[in-house]
Each structure stands twice: as structure tokens, then as C-alpha cells.
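Single-structure report; data block below.
The values are calculated or read from the model by the stated rules, or taken from the named source; none is laboratory data. Owing to the predicted nature of the structure, the values given are computational and were not obtained by experimental measurement. Cβ placement follows ideal geometry from the backbone for every residue including glycine, while neighbour counts extend to all protein chains displayed.
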Amino acid sequence: MPVVLARIDDRLIHGQVTAGWSPRVRPTHIILANNDVAADAWQSRVYTSSVPPGIETSVLSIAAAAAALNRGDCGNGRAILLTASPGEMAELVRAGVPLARINLGGVHYKAGRIEMLPWVYVDAQDVVALRRLLDAGVEVNAQQVPGGREVDVDEALLARTEGRL
Amino acid sequence: MIRALVMTHGRIGQELVGVVEMILGPIEGLEFLSNHGLSGDDLQEKVGQWLKAGPAAGGDEAVPSMIFIDDFGGSCGVAAQLCCGQNRDVAIVSGVNLAMLLGFVTWREDSDLDGLVRQIVQKGRESIVRLGT
């Protein structure tokens, strides 16, 4: 199944994904790749029930998502792939999931993170993970919503951010 | 007395609560929370703090509470459910509008939580009407 949007967003499934991106990229599936959510039936149910009818949702661990995407056994639809952090997306790429372009959609402030962009806060580990994505030849594009401000995440931005950490 | 939290995107909740108080006067136990700038985890934590800050904080008695959400399927609804979606003393209702909040304040002293929710959902639906010719 082709991944039509691979997005890093710590809110996972929410309005920007279901109301913002979905009409634009017309997914048939949302693959939520997150170990904590996949291990918890209630969390899985809450996220799954937040998706509009007509879009199927799979909540998978990072390893299971990588395996499913690599096997190509998710059918012939169009998938939005979501992770909460750059590290988890880098893990999927390291596991061989073929992703050419990543949407860095939103990572909120918490202690230890600094602002890289107004909608992206990162710590040292996040910068390392984003660099791993760039080194793997993946294009990383920061954009919250369709038509919103778009920033190409490159080594210069990562280095500038790292210098402030 | 049943408490409520109006949990929304941007300043919708703040403005709705402000307008309710403009119409009915100062209201106890009606608060707002914006998701602005908050991660899902932080939003859940804020809801948890609001629940714990109820009048019976520290006591064993549960305070029936309502959480009004603006948009089904958004981060507010997810955070509210992850925080207290399995708590029978908390009712989460989406699609908040002014009529629902006015109904909440008017009826909350005469109803139990389930009865109040039924009244409010009906009122909210009835308030959506095409006007004019």
C-alpha cells in the first residue's frame, strides 16, 4: 500500500490529520505506529474511534508497522502513516520502510525541548533522528496543515538548532 | 453540583464561558481549557488536574463532571477520553454550543449526570436550525 503521507505528529490522530490532510491526500487507511498505544486496548479504541467513517485504522507497534509495510500486505489502498516522534519514524526507515518524504507536522513543547520551528520542538535525540532521516536520503518537510507555511528541514537548520541545545 | 470543563481549540472555550457569564452572571464550576500549544500528554494532564481540583478534592466522594468538546475526533476529545473516558462520574460530550452551556447551567442542579447529558444533547441538536425564508 503506498504511503501518501508519512507524518510525525505527537497528537497522532486529530483534526489536522482527519479534517486537514485527509481530504487532500484521500487515504483509505491510517496506520498509527506507536508502541504505547498499540499495547493499550483503550488507547487504541479512542484513537480509532476518532477517525471519520470510510477510513480504516490500524494501530501497530513500530516493529509491526515496519513488518506490515515492508511485506506490502496492507492492501492496495492509500495510507497515512503516523508516528509521534522523529525517532520512531527514523526507526521505520532503518527497518527498511521505503519513505521518500516525511511531513514533520507537530511536536509540542516539553521540558528539555527547544523551538526549532513554531510548531516543532526538539531535544538532542530528535535532532539525531532527523539527521538520520536526512542521511538515509529522506526529504523532511515541516508543515502543519495543507497550504500552511512549509520549511525544508536540512542539515543547516539541524546544526543551528543543535547549537542552541 | 455538577461541574463542567469546556475544552476546545483556540479561545472557543474561553469565549463561550465568557458569553454564558455575560448572559447568566458569574457561574461557579464552569471552566475552560484550550489545547493551544499542548501535546496530547500535557492536555491529558491538564484535564486530570481539573478533575482533581473539584470541590470534593481530597475526599472520597466523586463529583459528577461534564467535559464539553468542540470537535469530535480532535485532540481535545482524544485527551479527555484517555484521561477519563472510563470514569462513570465524567460525561464527555462533543459539539459544544452556546445553547448546550446555557442548558447546563440551568438544569444541573435538578438532574443527575445521565439525565443532564440527555437534556443537553437534545438541546444542542434542537438549537441547530436553518432560519429565514
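If B:Leu38 passes every condition in (1) more than 10 Å from chain A (Cβ to nearest Cβ); (2) without any contact (Cβ under 8 Å) to a residue 40 or more places away in the chain but one, which one does it miss?
(1)
Any chance you could count how many residues in the range A:38-60 are closer than 14 Å to A:Val17 by Cβ and surrounded by fewer than 15 Cβ atoms within 10 Å (Cβ to Cβ)?
1
Taking A:Glu155 as the residue in question, decide whether it is farther than 23 Å from A:Ala66 by Cβ and without any contact (Cβ under 8 Å) to a residue 24 or more places away in the chain.
Against the criterion (farther than 23 Å from A:Ala66 by Cβ and without any contact (Cβ under 8 Å) to a residue 24 or more places away in the chain), A:Glu155 does not qualify.
So which residues in the range A:126-163 are surrounded by fewer than 13 Cβ atoms within 10 Å (Cβ to Cβ) and either at pLDDT below 95 or part of a strand (DSSP E or B) (or both)?
A:Asp152
Could you tell me how many of the residues in the range A:42-78 are in contact with a Gly (Cβ under 8 Å, 6 or more places away or on another chain) and in contact (Cβ under 8 Å) with a residue 12 or more places away in the chain?
Residues in the range A:42-78 being in contact with a Gly (Cβ under 8 Å, 6 or more places away or on another chain) and in contact (Cβ under 8 Å) with a residue 12 or more places away in the chain: 6 in total.
Between residues in the range B:61-83 that are at the interface with another protein chain (Cβ under 9 Å from one of its Cβ atoms) and residues that are of a type in the set (Lys, Arg) and surrounded by fewer than 21 Cβ atoms within 10 Å (Cβ to Cβ), which pairs lie under 9 Å by C-beta distance while being six or more apart or on different chains?
B:Ala79/B:Lys46; B:Gln81/A:Arg45
Going through A:Ala100, A:Ala84, A:Ala95 one at a time, which residue ends up being in contact with a Leu (Cβ under 7 Å, 6 or more places away or on another chain) and at negative phi?
A:Ala84 is the lone residue from the list that is in contact with a Leu (Cβ under 7 Å, 6 or more places away or on another chain) and at negative phi.
So, of the residues in the range A:70-79 that are farther than 22 Å from A:Ala41 by Cβ and either in contact with a strand residue (DSSP E or B) (Cβ under 7 Å, 6 or more places away or on another chain) or modelled with pLDDT of 95 or more (or both), which turns out to be surrounded by the fewest Cβ atoms within 10 Å (Cβ to Cβ)?
Among them, the one singled out is A:Gly77.
Of the residues that sit in the range A:22-67 and are in contact with a Leu (Cβ under 6 Å, 6 or more places away or on another chain) and among the β-branched types (Val, Ile, Thr), which one is nearest to B:Cys76 (Cα to Cα)?
Checked the range A:22-67; the qualifying residue nearest to B:Cys76 (Cα to Cα) is A:Val46.
Can you name every residue in the range B:100-122 that is of a type in the set (D, E, K, R) and under 16 Å from B:Ile67 (Cα atoms)?
B:Arg108, B:Asp112, B:Asp114, B:Arg118
Checking B:Leu5 against (1) assigned to a helix (DSSP H, G or I); (2) buried (at least 17 other Cβ atoms within 10 Å of the Cβ), which single condition isn't satisfied?
The single condition B:Leu5 does not satisfy is (1).
Do we find that B:Gly73 is at pLDDT 95 or above and on the phi > 0 side of the Ramachandran plot in this structure?
no
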